[in-house]
Amino acid sequence: MKNRLLLLLLLFLCWGSTASAMEISGFKNLMRQLQQDFSTLQAALLSGDLNQAAQAADAIAHHQPPPLEERKWIMTRLGKQALKFKEWDQQVHQATKRLAEAAQAKDRKKAQELYQQALQGCFGCHHQFRKRLRQP
């Protein structure tokens, strides 16, 4: 009986930790993709490839959201601070949308300014929320 109870407890604990570890895997994958897109964007701006910059900025501005359950988890985890999280997200989206437009118009200076605005949004959000959104 004790062995069976111990086995059930271990199964529960293992299942629970697996579920927690997978809880925001879509969000983590999204962050990794955004990191790749930002690397592509930076390289394109540095080399003067405004067509590639426009494509990368557009990919960032119009990325797929994380799964609904993960968005709910994030909002619950952040509580009232979820509004600030959304503000940072909007700053990145708006800057990269405008950056794509500037790059298509071949306005390199404006594209570079908007790149800085987008990065400020990323850094601000990471500084304020990254630790809180990492799995315990």
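If you scan segment 27-51, which residues turn out to be touching a Lys or Arg at 6+ places or on another chain (Cβ under 9 Å) and without any contact (Cβ under 8 Å) to a residue 40 or more places away in the chain?
None - no residue of segment 27-51 is touching a Lys or Arg at 6+ places or on another chain (Cβ under 9 Å) and without any contact (Cβ under 8 Å) to a residue 40 or more places away in the chain, so the list stays empty.
Please work out which residue is surrounded by the fewest Cβ atoms within 10 Å (Cβ to Cβ), limiting yourself to segment 23-47 and to residues that are in a helix (DSSP H, G or I) and charged (D, E, K, R).
Step by step, filter segment 23-47, then rank; the result is 32.
Can you find a residue that is among the polar types (S, T, N, Q), under 18 Å from residue 63 (Cα atoms), touching a Gly at 6+ places or on another chain (Cβ under 9 Å) and surrounded by fewer than 13 Cβ atoms within 10 Å (Cβ to Cβ) anywhere in segment 89-98?
Yes, some residue in segment 89-98 is among the polar types (S, T, N, Q), under 18 Å from residue 63 (Cα atoms), touching a Gly at 6+ places or on another chain (Cβ under 9 Å) and surrounded by fewer than 13 Cβ atoms within 10 Å (Cβ to Cβ).
Can you tell me which residue among 131, 84 is at pLDDT below 95, exposed (fewer than 15 other Cβ atoms within 10 Å of the Cβ) and part of a helix (DSSP H, G or I)?
131
Quick check on segment 106-117. Is at least one of its residues among the charged types (D, E, K, R) and closer than 13 Å to residue 56 by Cα?
no
Those residues that are modelled with pLDDT under 95, surrounded by 14 or more Cβ atoms within 10 Å (Cβ to Cβ) and of a type in the set (Asp, Glu), I need them from segment 48-81; list them, please.
70
The values are calculated or read from the model by the stated rules, or taken from the named source; none is laboratory data. From a predicted model like this one, the values you see are computed outputs, not experimental measurements. Every residue, glycine among them, receives a Cβ derived from its backbone with ideal geometry; neighbour counts consider all protein chains shown.
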